[in-house]
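The values are calculated or read from the model by the stated rules, or taken from the named source; none is laboratory data. Just so it is clear, the structure is predicted and the values come from calculations on it, not from any experiment. Note that we place each Cβ from the backbone using ideal geometry, even for glycine, and neighbour counts take in every protein chain shown.
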Amino acid sequence: MTLDNWPKHIQKYLFLLKDGFFQFPYLFNTPEIMLESILKLPITRHFPLKSLITFNTPLCKAKMYYKEFEEGFWLLTFYMTLKENIMALSGYDADKNSDYYLLTFSVFEYQFPLKDGTSLTLLSTCWTISKPGTEISSYFYKEADGKFFSIAMTKDWVKENFSSKKFKDRKTILNFFNGNRGSYTWLDISEKAHKIGADISEILEAETNSEADNLKLKKKSMKLITEFFDNAFVDTRIEDNISLTNLDYLNVSRAERIVLQHLHLPFIGIEHIAKEVNTSPTKLKSNFKAVYGFSMLQYHKEKNLVLAMQLIQKSDFNIQEIAVITGHDSAGRFASSFKKRFGKLPSEVRFSEVENNFFP
């Protein structure tokens, strides 16, 4: 695939429906090539003075701000409102160089149905870091609103700007960047990142594009990088620096989608998921942990417990109902798992929320 034949490619694959998701392809050798590939889509509008690209279709509505602060250092910010399920699929121009790493902090708001027919807005947050040449398949669900704060940086820029003063694990981080292709995902590892993201959004949406605001955005982007690497060593994936094939990354992404689609049930099993993605259970188990830092069973439990915490804090479901909603076969086991994860029983969290509402 190249930029030259990109129009033919998107004519065939743009919003192609596969496995219940409409495909959204793009190229990412460099931010410039990414912008060019998106601008070739027949659905986009470009506002160069605002450094803004928008599109609005029956499937999704989105806008993208792009900022090049200096050579090898970009901020790409996306806002998406999903009307249908979308799969974003990155590709690479085989004739062009690819030397950009992409660090993304994403925050998705999605609608959780309530008993009375209304819905509750909940959050899903994660970080992803991808090396050059890694094809990424990302699944997004309808009726969700997402914000993505993506920082693109070259190896030369990283080497020059990652000082030991800012990054205590500088040598390990540089070794990680020097490795082969790879894509790794962390869940919500930084509370401060939410405030940084909100600050970035506020500056961008003012659309002044002034020198002063761009300087603020550059500093905020550096803070986001620092915040990630200050918290990313919760496991050994950066030290391990495992590289998989692009097919392996696709299979892991498909497996994660299956896990999320079955959160309301007890874990359906590695063998079942491996069969669905057409790979061996042993290989999928190893690859999933390399990408997400959890086994599939642990990932299922973590996502369920985070969901349970939000439901306790924001909904009127009773504790037993929340246990069932999150796929636990008994309220007792749910309470035990919840306390092990958060240090409090579900009833203690609910009581604290009630107290806060009465005595703000």
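Any idea which of Ile325, Ile319, Ile258 is among the β-branched types (Val, Ile, Thr) and in contact with a Pro (Cβ under 9 Å, 6 or more places away or on another chain)?
Ile319
Evaluate the following for Leu59: is it more than 18 Å from Val158 (Cβ to Cβ) and touching a residue at least 60 places away in the same chain (Cβ under 8 Å)?
No.
Report, by residue number, each residue of the stretch 1-12 that is in contact (Cβ under 8 Å) with a residue 24 or more places away in the chain, surrounded by fewer than 16 Cβ atoms within 10 Å (Cβ to Cβ) and not in a loop (DSSP other than H, G, I, E, B).
Pro7
Go through the stretch 201-237 and count every residue that is crowded, with 19+ Cβ neighbours inside 10 Å, farther than 24 Å from Lys67 by Cα and of a type in the set (A, V, I, L, M).
Here the count works out to 1.
Of the residues in the stretch 277-299, how many are assigned to a helix (DSSP H, G or I), within 20 Å of the chain's Cα centre (by Cα) and surrounded by fewer than 18 Cβ atoms within 10 Å (Cβ to Cβ)?
Number satisfying all stated conditions: 2.
List pairs: first residue in the stretch 97-118 and free of Cβ contacts under 8 Å to residues at least 40 places away in the same chain, second residue outside any strand (DSSP E or B) anywhere in the structure, Cβ distance under 8 angstrom, at least six positions apart or on different chains.
Note: pairs meeting the criteria are Tyr110/Tyr141; Tyr110/Glu143; Gln111/Glu143.
Of Ser119, Ser106, which residue is touching a Pro at 6+ places or on another chain (Cβ under 6 Å), hydroxyl-bearing (Ser, Thr, Tyr) and closer than 20 Å to Leu307 by Cα?
Among Ser119, Ser106, only Ser119 is touching a Pro at 6+ places or on another chain (Cβ under 6 Å), hydroxyl-bearing (Ser, Thr, Tyr) and closer than 20 Å to Leu307 by Cα.
Results for (1) over 22 Å from Asp188 (Cα atoms); (2) among the aromatic types (Phe, Trp, Tyr); (3) not assigned by TED's automatic domain parsing to the domain that holds Ala232, shown as yes or no for each residue.
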position: Tyr79; (1), (2), (3): no, yes, no
position: Gln111; (1), (2), (3): no, no, no
position: Glu135; (1), (2), (3): yes, no, no
position: Gly146; (1), (2), (3): no, no, no
position: Asn161; (1), (2), (3): yes, no, no
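Without any contact (Cβ under 8 Å) to a residue 60 or more places away in the chain, closer than 30 Å to Gly20 by Cα and buried (at least 19 other Cβ atoms within 10 Å of the Cβ), is that true of Ile273?
For Ile273, the condition - without any contact (Cβ under 8 Å) to a residue 60 or more places away in the chain, closer than 30 Å to Gly20 by Cα and buried (at least 19 other Cβ atoms within 10 Å of the Cβ) - is met.
Out of the residues in the stretch 16-57 that are closer than 29 Å to Ile258 by Cα and among the aliphatic types (A, V, I, L, M), state the one that is surrounded by the fewest Cβ atoms within 10 Å (Cβ to Cβ).
Restricting to residues being closer than 29 Å to Ile258 by Cα and among the aliphatic types (A, V, I, L, M), the top hit is Leu17.
Are any of the residues in the stretch 235-243 free of Cβ contacts under 8 Å to residues at least 40 places away in the same chain and outside the structural domain of Ile189 (by TED's automatic domain parsing)? Steps first, answer last, please.
First, the residues of the stretch 235-243 that are free of Cβ contacts under 8 Å to residues at least 40 places away in the same chain: 236.
Cutting the leftovers down to outside the structural domain of Ile189 (by TED's automatic domain parsing) gives us none.
No, the stretch 235-243 contains no residue that is free of Cβ contacts under 8 Å to residues at least 40 places away in the same chain and outside the structural domain of Ile189 (by TED's automatic domain parsing).
Could you please give the count of residues in the stretch 301-323 that are out of contact with any Leu (no Cβ under 7 Å at 6 or more places or on another chain) and either within 12 Å of Leu122 (Cβ to Cβ) or free of Cβ contacts under 8 Å to residues at least 60 places away in the same chain (or both)?
Number satisfying all stated conditions: 13.
Assess whether Glu256 counts as being in a helix (DSSP H, G or I), crowded, with 17+ Cβ neighbours inside 10 Å and outside the structural domain of Lys63 (by TED's automatic domain parsing).
It is true that Glu256 is in a helix (DSSP H, G or I), crowded, with 17+ Cβ neighbours inside 10 Å and outside the structural domain of Lys63 (by TED's automatic domain parsing).
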